[in-house]
Amino acid sequence: MPDAEEAVTTLEELGLTEYEARCFVALVRISKGTAKEISQVADIPRSRVYDTIERLDRKGLVSVQQTEPRQYKAVPVDTACRRIREDYDSRINAAENALGQLEEPDSRDDEGMWAITQKEHVTERVTLFLEEAEDIVHYLIPATEVVEQRILDGLQSAADRGVRVYIEVPTEDARETFAEAVPDADVVVASDLETTNNVHQEWPAQLLMADQEAIVAAGIKESDLPNVVNEMAVWTYGRDHGFAVWIRELLDDRLAERDEDRTTGE
């Protein structure tokens, strides 16, 4: 039965052994049954049913009726899914804690230049640097279409923490959109972002600098597929990297020029 096999595979991916998954799926199908019946439906040796059911019982996935012969019953599917989810989350948390103990918090082994070739990974890196920002964020967006909701949420969250957030966009329409999405940010129109040039069919997409050391520089490139645009990026972390020094200098100059223009305008 294809549906049953799919369910078994899914349960295995969530941490159950093959026999545990087969026994549980068998009990869901027959409502309740003896070891012999489970063995026949699950297509596993009867001798392995007992220890498998015992493990499922410890996990809270089956109930045991003390009859002769014993009868076994699966808990309701929604209850089983909730308990499997709790167990899965618990193991993820345990792994995260264990791996966290191996990190050297005072070192940044990722200093240097790193490349990203997939759009979702670009968004993840931008979001991570926004989450870690403590003082100031400077964000330039020539291609506003690459900015996902997670990034907008990250910008506002940084502003909520007291981080100074400066956003430059290419048009007045974009300024209104970002000012509404990130109301606590300083959003301005930078007309030079509207006229960026393409090189080898690649255009600037977004440039983030957080706390003058964490940088993501991304571009977009047309794909051979219709209506598909690829995004790629490089990122670095650290004040002493040459790329970071240059980007910091260029972006700080932009802020200084903008402040000077405002002062003159007043």
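Within segment 65-77, at least one residue is among the acidic types (Asp, Glu) and over 35 Å from the mean Cα position of the chain (by Cα).
Inside segment 210-220, residues that are in a strand (DSSP E or B), open to solvent by 10 Å² or more (accessible area, probe 1.4 Å) and within 18 Å of residue 253 (Cα to Cα) make up a count of 1.
Results for (1) open to solvent by 10 Å² or more (accessible area, probe 1.4 Å); (2) in a helix (DSSP H, G or I); (3) modelled with pLDDT under 95; (4) closer than 19 Å to residue 254 by Cα, shown as yes or no for each residue.
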position: 142; (1), (2), (3), (4): yes, no, yes, yes
position: 157; (1), (2), (3), (4): yes, yes, no, no
position: 180; (1), (2), (3), (4): yes, yes, no, no
position: 192; (1), (2), (3), (4): yes, yes, yes, yes
position: 205; (1), (2), (3), (4): no, no, yes, yes
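For residue 126, the criteria (1) modelled with pLDDT of 90 or more; (2) open to solvent by 80 Å² or more (accessible area, probe 1.4 Å); (3) closer than 30 Å to residue 213 by Cα hold in every case but one, which is (2). Would you point out the residue of segment 50-73, among those that are touching a Lys or Arg at 6+ places or on another chain (Cβ under 8 Å) and hydrophobic (A, V, I, L, M, F, W, C), that is nearest to residue 11 (Cα to Cα)? Per the criteria, the residue is 61. In segment 162-178, the qualifying residues are those that are more than 21 Å from residue 257 (Cα to Cα) and without any contact (Cβ under 8 Å) to a residue 24 or more places away in the chain, and the one that is surrounded by the most Cβ atoms within 10 Å (Cβ to Cβ) is 176.
On the given criteria, is residue 131 under 22 Å from the mean Cα position of the chain (by Cα), surrounded by fewer than 16 Cβ atoms within 10 Å (Cβ to Cβ) and part of a helix (DSSP H, G or I)? The answer is yes for residue 131. Please state which of the following conditions residue 15 fails to meet, knowing it meets all the rest: (1) at negative phi; (2) assigned to a loop (DSSP other than H, G, I, E, B). It fails just one condition, (1). Scanning segment 18-37 for residues that are loosely packed, with under 13 Cβ neighbours inside 10 Å and in a loop (DSSP other than H, G, I, E, B) turns up just one, 31. For segment 38-58, filtering for residues that are assigned to a helix (DSSP H, G or I) and either among the polar types (S, T, N, Q) or within 19 Å of residue 5 (Cβ to Cβ) (or both) leaves 10.
The values are calculated or read from the model by the stated rules, or taken from the named source; none is laboratory data. Being a predicted model, the structure only gives us computed values, none of them experimental. Every residue, glycine as well, gets a Cβ built from its backbone with ideal geometry; the counts of neighbours run over all protein chains shown. Accessible surface areas use protein heavy atoms only, side chains included; no ligands, DNA or RNA. Shrake-Rupley method; radii C 1.70, N 1.55, O 1.52, S 1.80 Å.
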